[in-house]
Amino acid sequence: MTSSETSSRPDPGVQEERPIASAAWELLIPAVSAPARQRGRALQSALREAVRSGRLAAGTRLPASRELAADLGVSRGLVTEAYEQLTAESYLRSGRGAGTWVSGGVRPAAHGARDLAPRAPGVRVDFRPGTPDLSLFPRSAWGAAHRAVLGRLPHSALGYPDPRGLPELREALAALLTRRRGVVADPERLVVCSGVAQATTLLGFVLRERGAAAVGVEDPGSPEHATLFASAGLGTVPLPLDDEGLAVAPLLRSGVRALVTTPAHQFPTGIAYSAERRSRLLHWARSSSAVIMEDDYDGDFRYDRAPVGALQGLDPEHVVYTGSVSKSLAPGLRLGWLIAPASMTDEIVDRKRTMDLGNPAIDQAVLADFVTRGGYDRHLRRCQRAYRERRDAMTVALAEHFPGAEVSGIAAGLHIIARLPERYGSRTDILVRAAAAGIALRPLSDYGTAGAEDPAVRLVLGYAHLAPSDIAHGIRLLAHGLKAS
């Protein structure tokens, strides 16, 4: 091998020299058209993206700075600065007398952002429960509160917040929950969370640190509870229900010292815990030094009478109260709360601090303003009227199109349980035919072993997010689809 052949080899580590594709340099043309002060950054960004995307492949030798500057019609210093910056970032590599090359350490980036939010493509009517009517969100009032807050919020409030939440929000929520839900709400023990999901996880971590191995959960109940506790290292023990609430005898046999309940309106069965059952659960907690987590997910929505007060109001030292605005305003706000017993507050706050350093200050301040000025109460009254009307529309449509169907549970919340007569077929058959008709359904069997063992076909039908006309249309389509076969 001659010395001239040796000197023409590329840098060590570069497999072969590749010619520059003219198409790649076309990516740089818009950059040099940027305003003079932005041209340098724009050129760096365009060159960086050309490497990331693979338009400039690893092993490509770049032209000398003088040549590229002439081709692009910019100063040589602009190109030299871009080369130096991207070399420092490892997009390029260079050596004295060896030129500038595209680094072999860059991998093309995946482009596009996927949306993993729950969707139901191809569904004509979605009866799955759990979502309020998002079109009722009070945009004007919320916007006014946002403007008012930004106008008066001190600069210091934009720093790291108290991990428990802004004092004004904790005070507003404490007053609201005391008045509406009968909660014993000390603002010092109220922690603002990213919904009940985070409240559950926070409690799970504290229970795990205290030596707990498992938490009792309602069966049937929300599948999310098991998932959230699992993320904190805890197992779950399914505990059956009867007509009055969670059955006490299986609870005593389970040996658990922590329990999750939805006593005001059990999810998904729709029953309300009886006064006797509430008392027995509290007796179990006191005698066992146990803790009950009360998930008051839709306690504000009762249509036949005033809502039953929260279980926590009877024993705030053994009940952790949780709630959120996910069913009342919108789940996308990710704002909720947890009221802890005094003996657990510091541990929960410490865990909250390490988890996220607190919730967004502006969002908290807006909710505080909205609650304090009465906007939240007005919105709840509006939702009460709308959801009561929709529940009525659901029961009327079922009576018309499914004679013999039985609706169970109290007149409350955002869903009902409908038991269909045997003549409509098995659970699997009904779900298949409903899907073929474009109707999204959730059977009670999806929510626990107790529902799976029940031979009756019980459907959990959400109605809050649907207009009365859509409810009637959807039930009619469902009936037609089940009769079609």
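The values are calculated or read from the model by the stated rules, or taken from the named source; none is laboratory data. This structure is a prediction, so every number in the text was calculated from the model and none was measured. Quick reminder, even Gly has a Cβ in these numbers, built from the backbone with ideal geometry, and neighbours come from all protein chains shown. Ligands, DNA and RNA are stripped out before the accessible areas are found, and what is left, the full protein with its side chains, is counted by its heavy atoms. Shrake-Rupley method; radii C 1.70, N 1.55, O 1.52, S 1.80 Å.
Taken over the range 415-430, residues that are at positive phi and either free of Cβ contacts under 8 Å to residues at least 12 places away in the same chain or open to solvent by 50 Å² or more (accessible area, probe 1.4 Å) (or both) amount to 0. Of the residues in the range 458-471, none is farther than 23 Å from Thr131 by Cα, out of contact with any Asp or Glu (no Cβ under 8 Å at 6 or more places or on another chain) and in a loop (DSSP other than H, G, I, E, B). Restricted to the range 85-102, and to residues there that are at pLDDT below 90 and part of a loop (DSSP other than H, G, I, E, B), the residue that is surrounded by the most Cβ atoms within 10 Å (Cβ to Cβ) is Ala98.
Scanning the range 45-84 for residues that are in contact with an Asp or Glu (Cβ under 8 Å, 6 or more places away or on another chain) and assigned to a helix (DSSP H, G or I) gives a single hit, Arg48.
Taken together, the residues in the range 177-222 that are of a type in the set (Lys, Arg), under 22 Å from Leu380 (Cβ atoms) and open to solvent by 40 Å² or more (accessible area, probe 1.4 Å) amount to 2.
One residue stands out among those in the range 267-304 that are among the β-branched types (Val, Ile, Thr) and in a loop (DSSP other than H, G, I, E, B): the one that is surrounded by the most Cβ atoms within 10 Å (Cβ to Cβ), which is Thr269.
Residue pairs whose Cβ atoms lie under 8 Å apart, sitting 6 or more positions apart in sequence or on different chains, and linking a residue in the range 43-58 that is among the hydrophobic types (A, V, I, L, M, F, W, C) and at pLDDT 90 or above to a partner that is open to solvent by 40 Å² or more (accessible area, probe 1.4 Å) and part of a helix (DSSP H, G or I), are Ala46/Pro30. Per this entry, Thr87 is not counted among residues that are among the hydroxyl-bearing types (Ser, Thr, Tyr) and under 18 Å from Leu27 (Cβ atoms). Taking (1) over 30 Å from Val248 (Cβ atoms); (2) modelled with pLDDT of 95 or more in turn, Gly358 satisfies each apart from (2). Considered as a group, the residues in the range 149-167 that are in a helix (DSSP H, G or I) and open to solvent by less than 40 Å² (accessible area, probe 1.4 Å) include one that is farthest from Pro360 (Cα to Cα), and that residue is Val149. On the stretch given as the range 103-148, residues that are more than 20 Å from Asp470 (Cα to Cα) and not in a loop (DSSP other than H, G, I, E, B) total 10.
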